Amino acid sequence: MNPAVAVMHASSTEPQAAAPSVEIAATGVAVDFIHDGRRQHVLKDIDMQVPRGSLVSLIGPSGCGKSTLLKVMAGLIQPTAGSVTVDDLAPQDAAKKRIIGLVFQDATLLPWKNAIENAAFLLLTADPGVSKSDATARAAEMLKLVGLEGAERKMPSQLSGGMRQRVAIARALALDPQVLLMDEPFGALDAITREEMSQCLLDIWERTGKTIVLVTHSIDEAVFLSGEVHVMGTGPARIIETLPINLPQPRNEDSYSEPAFKIAEKRLRSLLVESRRRRS
Amino acid sequence: MSEATMQTRTAPEQPAETIRRPLPDIVPALALMAVSLAVWEIVIRVFDVPTFVLPAPSAVVVSLIESRMQLLDAARFTAAEVLIGFVLAAITGMAVALVIARFERFGRALYPLIVLFQNVPKIALAPIFILWFGYDLAPKVLLIVVIAFFPVAIDMLAGLQSVEPSFVALMNSVGAGKTKILMRVRIPHALPHLFAGLKVAITFSVIGAIVGEFAGANAGLGYVIQFASTQLDTPLIFSALVVVSVLGLAFYYVVELAEKLLVPWAPKYDAHRHSI
């Protein structure tokens, strides 16, 4: 197996602080969709670098192609031009080596399997060499990490939306990926659960040191979680600004009231308003 | 006077509205059935309706008891047709759905043909099947398969195809191929849908058997009904109807029991949205 897949238990709360190496690099990425015989530019000239061990957000108005960009990084969509590398590999190869873990807006748990079976499912599918007991042990560990200890035997129908999403995160983490790509993972949850989940994700990031790319349309979420926010605009979609978030680590519920939070929030809001105005 | 009748008419309905929910489903249903049968019996007696036009429930019961051996033999024959036909229809339906889901290009060619075929009134094929296969079991079984495979195939296919695209993407991302996704995700995901289709199919199977026997048979409940009608033995017709209904209900509940045991996670589907 890939030695790089080993867990990076970062004890520091600021992993890779000095001269971070690049985990994900996008150069000149363009994606065109052919729709009704017409070529549509969904993404154009995207250049982006995600430092190893960082947590970055992609934010932008709906339809700006942020989910598409994430899918390109995951190897689910081939770019029309340009290239993406994940850990110096093509995304598909990285995915097959289990370098990439995916979380979507819907938890998409299998209704006939309980929480721990769901968390182990992808690992068992990905690697026929893993024994069921090893996968289950790994899944149990990950459920504990996402705060679901004691709910292992519960069926998805017995779990709340937030708990289901935690299982989905545990399922991705069970693969022990270096990179976690999350497409609006908390988009379907209520405001209070969202904040809980943000804290949970932050804990996971601090404990595991994974590189996390988060697609969101919540300004709060982006500021609270990220080291860097890439703001995307439409027509055609591109990154209009990369905003570093100088909010001190470790972050907790007090971070929301820090001046740095307010400044970043205001800046992001004006960028998003601007990107919307430019479109119309 | 009219006010008084109004009150007596509306009064029993109001408490019935409020009582209905907490009671188990079966209690009001049984009560309504008992009342209907009593009204039926009284109307027949009061207006002296001839038995060959409409027999009283009591006459049907008498006929049921008198002809029990004949009805039992007929029921056994019809049940065999239904069972064999249903099993073959289920296998055919599942196979068709799996082929369409797994081999997309072939599926795109096959699916419109199946839908086209569904629009043929298949009951009308009964005389042809009798012509080809005689009065025996084969034409009835074939008719059942032709009628009952469709809901199985369509519901199973809907189940196979309704796996969330993001979950398929997840499976793809870890290198799972189409067959693996089909075996591990699509088929179990389709089971609740399959059972919705099977419940429709079992009902269709009973209809297919009776129609097949109408078209040409020398045994079975459909045959008994047709024979009794030529003899103006209306109580026997009704007795056979009772037996057919009990048979259909029994088959239906066997399927439902299998569903409860095999797919306890199944959400509730409305099994009565198909029509022949």
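The values are calculated or read from the model by the stated rules, or taken from the named source; none is laboratory data. In this text, all values refer to a predicted model and were calculated from it rather than measured experimentally. For neighbour counting, all protein chains shown are included, and Cβ atoms are generated from backbone atoms with ideal geometry for every residue, glycine included. Side chains included, ligands, DNA and RNA excluded: accessible areas come from the protein's heavy atoms. Shrake-Rupley method; radii C 1.70, N 1.55, O 1.52, S 1.80 Å.
Quick grid of which residues meet (1) out of contact with any Gly (no Cβ under 6 Å at 6 or more places or on another chain); (2) in a helix (DSSP H, G or I); (3) more than 19 Å from B:I210 (Cβ to Cβ):
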residue: B:V141; (1), (2), (3): no, yes, no
residue: B:P151; (1), (2), (3): no, yes, no
residue: B:G159; (1), (2), (3): yes, yes, yes
residue: B:V163; (1), (2), (3): yes, no, yes
residue: B:S166; (1), (2), (3): yes, yes, yes
Exercise. Being more than 7 Å from chain A (Cβ to nearest Cβ), over 24 Å from B:I202 (Cα atoms) and either under 30 Å from the mean Cα position of the chain (by Cα) or buried (at least 20 other Cβ atoms within 10 Å of the Cβ) (or both) narrows it down to one of B:L142, B:L131, B:L137, so name that one.
Key: B:L131
Exercise. Could you grab the pairs with beta carbons closer than 8 Å, sequence gap of 6+ or different chains, first residue in the stretch A:249-274 and closer than 16 Å to A:S226 by Cα, second one open to solvent by 60 Å² or more (accessible area, probe 1.4 Å) and assigned to a loop (DSSP other than H, G, I, E, B)?
Key: A:Q249/A:E14; A:S255/A:P248; A:E258/A:P248; A:A260/A:N246; A:A260/A:P248; A:A264/A:N246
Exercise. For the stretch B:194-207, state whether one or more residues are within 14 Å of another protein chain (Cβ to nearest Cβ) and touching a residue at least 12 places away in the same chain (Cβ under 8 Å).
Key: yes
Practice problem: Return yes when B:T92 is surrounded by 14 or more Cβ atoms within 10 Å (Cβ to Cβ) and over 27 Å from the mean Cα position of the chain (by Cα) and no when it is not. | Solution: no
Quiz item: Which residues, taken from the stretch A:212-228, are in a loop (DSSP other than H, G, I, E, B) and within 28 Å of A:F33 (Cα to Cα)?
Solution: A:H217, A:S218
Exercise. Working only within the stretch A:229-274, note down all residues that are outside any strand (DSSP E or B), within 21 Å of A:V213 (Cα to Cα) and among the small types (G, A, S).
Key: A:S255, A:A264
Quiz item: Checking B:V174 against (1) within 12 Å of chain A (Cβ to nearest Cβ); (2) over 30 Å from A:L181 (Cα atoms), which single condition isn't satisfied?
Solution: (2)
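Condition check ((1) away from chain B (no Cβ under 14 Å); (2) in contact with a Gly (Cβ under 9 Å, 6 or more places away or on another chain); (3) hydroxyl-bearing (S, T, Y); (4) buried (at least 23 other Cβ atoms within 10 Å of the Cβ)) across all residues:
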site	(1), (2), (3), (4)
A:M48	yes, no, no, no
A:G53	yes, yes, no, yes
A:V86	no, yes, no, yes
A:K96	no, yes, no, no
Exercise. Name, by its number, the condition in (1) closer than 28 Å to A:A25 by Cβ; (2) assigned to a helix (DSSP H, G or I) that does not hold for A:Q165.
Key: (1)
Quiz item: Is it the case that some residue within the stretch B:108-124 is open to solvent by less than 70 Å² (accessible area, probe 1.4 Å), of a type in the set (K, R) and in a helix (DSSP H, G or I)?
Solution: yes
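How many of the residues in the stretch B:243-261 are open to solvent by less than 60 Å² (accessible area, probe 1.4 Å) and more than 15 Å from the chain's Cα centre (by Cα)?
Restricting attention to the stretch B:243-261, the residues satisfying the condition of being open to solvent by less than 60 Å² (accessible area, probe 1.4 Å) are B:243-244, B:247-248, B:250-252, B:255-256, B:258-259.
Filter once more, so that each one left must be more than 15 Å from the chain's Cα centre (by Cα): B:258-259.
Qualifying residue count for the region: 2.
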Exercise. Test A:S131 against the stated conditions and say whether it is within 13 Å of chain B (Cβ to nearest Cβ), hydroxyl-bearing (S, T, Y) and surrounded by fewer than 23 Cβ atoms within 10 Å (Cβ to Cβ).
Key: no
Quiz item: Hey, any hits in the stretch A:178-195 for a residue that's within 14 Å of chain B (Cβ to nearest Cβ) and either assigned to a helix (DSSP H, G or I) or surrounded by fewer than 20 Cβ atoms within 10 Å (Cβ to Cβ) (or both)?
Solution: yes
Quiz item: What number of residues within the stretch A:134-163 satisfy the criterion of being open to solvent by 20 Å² or more (accessible area, probe 1.4 Å), within 25 Å of A:Q199 (Cα to Cα) and away from chain B (no Cβ under 13 Å)?
Solution: 14
Quiz prompt | Selection status of A:T125, within 14 Å of another protein chain (Cβ to nearest Cβ), of a type in the set (S, T, Y) and touching a Phe, Trp or Tyr at 6+ places or on another chain (Cβ under 6 Å) | solution = no
Quiz item: Only one of B:T203, B:T179, B:T234, B:T230 is surrounded by fewer than 24 Cβ atoms within 10 Å (Cβ to Cβ) and within 18 Å of B:I91 (Cα to Cα); which?
Solution: B:T203
Quiz prompt | Qualifying positions in the stretch A:262-274 - surrounded by 14 or more Cβ atoms within 10 Å (Cβ to Cβ), of a type outside the set (D, E, K, R) and out of contact with any helix residue (DSSP H, G or I) (no Cβ under 6 Å at 6 or more places or on another chain) | solution = A:I263, A:L271, A:L272
Practice problem: Would you mind stating whether B:F106 is under 30 Å from B:F214 (Cβ atoms) and away from every other protein chain (no Cβ under 14 Å)? | Solution: no
Quiz item: Can you name the number of the only condition in (1) aromatic (F, W, Y); (2) open to solvent by 10 Å² or more (accessible area, probe 1.4 Å); (3) within 14 Å of chain A (Cβ to nearest Cβ) that B:F150 fails?
Solution: (3)
Quiz item: Right, A:A90: open to solvent by less than 20 Å² (accessible area, probe 1.4 Å) and either over 15 Å from A:M182 (Cβ atoms) or within 11 Å of chain B (Cβ to nearest Cβ) (or both) or not?
Solution: no
